[in-house]
Amino acid sequence: MSNHPRAPEQRTVDVDVTGLDARGNTVHGFAAVYGAESHDLGGYTETIAAGAFAGVLDADVRALLNHDPNVVLGRTRSGTLRLADDARGLRFELDLPDSRADLREAVSRGDLDGASFRFVVGDETWDGDRRTVTRVAELHDVTLATYPAYPAASIELRSRNPKPAKPEKENDLMSETATEERTERTEEQRNGGLRVQDRAAAPEPTIEQRIETALRSVRRGESRALTTAAAVSPGELSTVLFDRLRASSVVLGTGIKTLTTDADSITYPVLSADAVPAWYAEAAAISPSDPTFGTLTATPRKLAHLVQFSNEVLDDSDPSIATVLNDHLLRVLALKLDAGLLEGSGSAPEVTGLKNISGKQTLNSATNGQQPTLDNIADAIALLEAVNVPIDRMRLVVHPRNVSTLRKAKASTAGSFLWGEPTAVSPRNIFGVPVVTSPQLATSETLGTSGAVTNSAYLFDTDSVVYVQRSPIEIELDRSRLFNSDQSVRAKLRGDLISPTPSGIVRITGFLA
């Protein structure tokens, strides 16, 4: 079973415009038609079974223009977008804003006659190369589409399964993920005693090949996002990019919770006071005692980087610049993200890092600074144990120079090393707590009246730290910005850090830098 979360898929169909109502502002149509077989989506076709949308009709769905979240035309929560499940398919009625007379006229004249929807598959069945979606788990949006003749399915066909230039290694992340998913949904078939070859045998392109295909597909003068929902590349590419970002980021790699949102901000419920149980005699009345709830607001901030390179470099480079560029962007984004998640001030546009989360615990190693010791870490572990955090949920993030000091600690001048012998594999935990290092920890803190230059370390409960991501990671290509043969690539992500239980974080201060 693949452990990669499914990314939203996107389909485009012709709008069934039955006319405009008496007010002249309501568009009627079908976002999905049951039983209609799709075009080739990259080695398979698809139909949507009747009733597949039944579980998402009450969801908060927005109507957009070309999947642009900045152009909201209606919303089910406000009543300006209405969805219905009838015998033909998923029907929508959209009350266009009065300010969008241009769209009303475009629909009325037939200039705008495409619709698209973005969804996450819940349940599916397979019959050879034909998939039937029996349940939709999430419906993200419906949209009016400018180019119905250029649907996302066609784009997916070009970028989902292009033939790779050369065979890829078996352990390639993108190939491995796709192979797992295809193997899971295609059972062994037999016909007349002959085994039908599984589709998993076909090699999948790597992430670099898919990005390069997307780069080449953008015409001069265009600007296009390559890994967003309405993108050249299919949605799962963002998921894979985020998986690689997690592998590159020290903080994300510790296993903290991750939430995904399409909103500008989300409200996270937290318990500010526990319920208070008590002992009672048999048949005695039990007094009610409700826990106290509070809220935290996460506002994802944008982290971005711009790279400029020439078309000729894309065409002539070996290895492909797509590989080099992808690795470079992920590395620099991961380093900057770690710096924000650890030390961020919380003042816009920065995120709030562990250093500045209100309500955390603090342990001062020394008044004027000292080298880190195992005693400091033991004391920090005790602080988390006092608030019922188990060892297996604790993680320690320290600066590499502090780890160097801890590795050299000895029982005596000529004694044995306290943290493993140098001839053995270097341990990666202290007292059972996994240890990770990050050079993004600030080494310029001053402490005490002596003004000693120090740095901090962080011990935290992985359940007490939540990373909220919006648009996990995007790569955009702009061939209209620079002259003739040049082009720009911009990578960006949006995220924020919150702590529902800040007592699960201990900041250890005063380590000499």
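At a glance:
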item	result
First in the range 434-463 and on the phi > 0 side of the Ramachandran plot, second anywhere and of a type in the set (V, I, T) and assigned to a loop (DSSP other than H, G, I, E, B), Cβ under 8 Å, 6 or more apart	G448/T367
The range 405-417, subset under 18 Å from Q370 (Cα atoms) and in contact with a helix residue (DSSP H, G or I) (Cβ under 8 Å, 6 or more places away or on another chain), residue modelled with the lowest pLDDT	A409
Evaluation of Y147 against (1) surrounded by fewer than 16 Cβ atoms within 10 Å (Cβ to Cβ); (2) modelled with pLDDT of 80 or more; (3) not small (G, A, S) (one fails), failing number	(2)
Scan of the range 458-513 for residues that are polar (S, T, N, Q), modelled with pLDDT under 90 and part of a strand (DSSP E or B), ordered by number	Q469, S471, Q487, S488
Qualifying residue in the range 420-436 (condition: buried (at least 17 other Cβ atoms within 10 Å of the Cβ) and in a loop (DSSP other than H, G, I, E, B))	no
Test for R131: is it in contact (Cβ under 8 Å) with a residue 12 or more places away in the chain, crowded, with 16+ Cβ neighbours inside 10 Å and assigned by TED's automatic domain parsing to the domain that holds A49	yes
Hey, S416 in contact with a Lys or Arg (Cβ under 9 Å, 6 or more places away or on another chain), farther than 17 Å from I508 by Cα and of a type in the set (S, T, Y) or not	yes
So A52, is it under 26 Å from the mean Cα position of the chain (by Cα) and either at positive phi or in the same structural domain as E124 (by TED's automatic domain parsing) (or both)	yes
The range 346-364, residues that are surrounded by 12 or more Cβ atoms within 10 Å (Cβ to Cβ) and closer than 20 Å to D461 by Cα	V351, T352, G353, L354, K355, N356, I357, K360, Q361, T362, L363, N364
Lone qualifier among R104, R118 - being in the same structural domain as G29 (by TED's automatic domain parsing) and outside any helix (DSSP H, G or I)	R118
Odd one out for S99, checked against (1) under 29 Å from the mean Cα position of the chain (by Cα); (2) assigned to a loop (DSSP other than H, G, I, E, B)	(1)
Meets criteria (surrounded by 14 or more Cβ atoms within 10 Å (Cβ to Cβ), at pLDDT 85 or above, among the hydrophobic types (A, V, I, L, M, F, W, C) and on the phi < 0 side of the Ramachandran plot) for A334	yes
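So that you can scan it fast, the table gives a plain yes or no per residue for (1) exposed (fewer than 13 other Cβ atoms within 10 Å of the Cβ); (2) in a loop (DSSP other than H, G, I, E, B); (3) out of contact with any Phe, Trp or Tyr (no Cβ under 9 Å at 6 or more places or on another chain):
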residue	(1), (2), (3)
L245	no, no, yes
Y268	no, no, yes
L271	yes, no, no
A278	yes, yes, yes
A281	yes, yes, yes
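The values are calculated or read from the model by the stated rules, or taken from the named source; none is laboratory data. Everything quoted here is computed from the prediction, not taken from an experiment. No Cβ is skipped: glycine too gets one built from the backbone with ideal geometry, and neighbour counts run over all protein chains shown.
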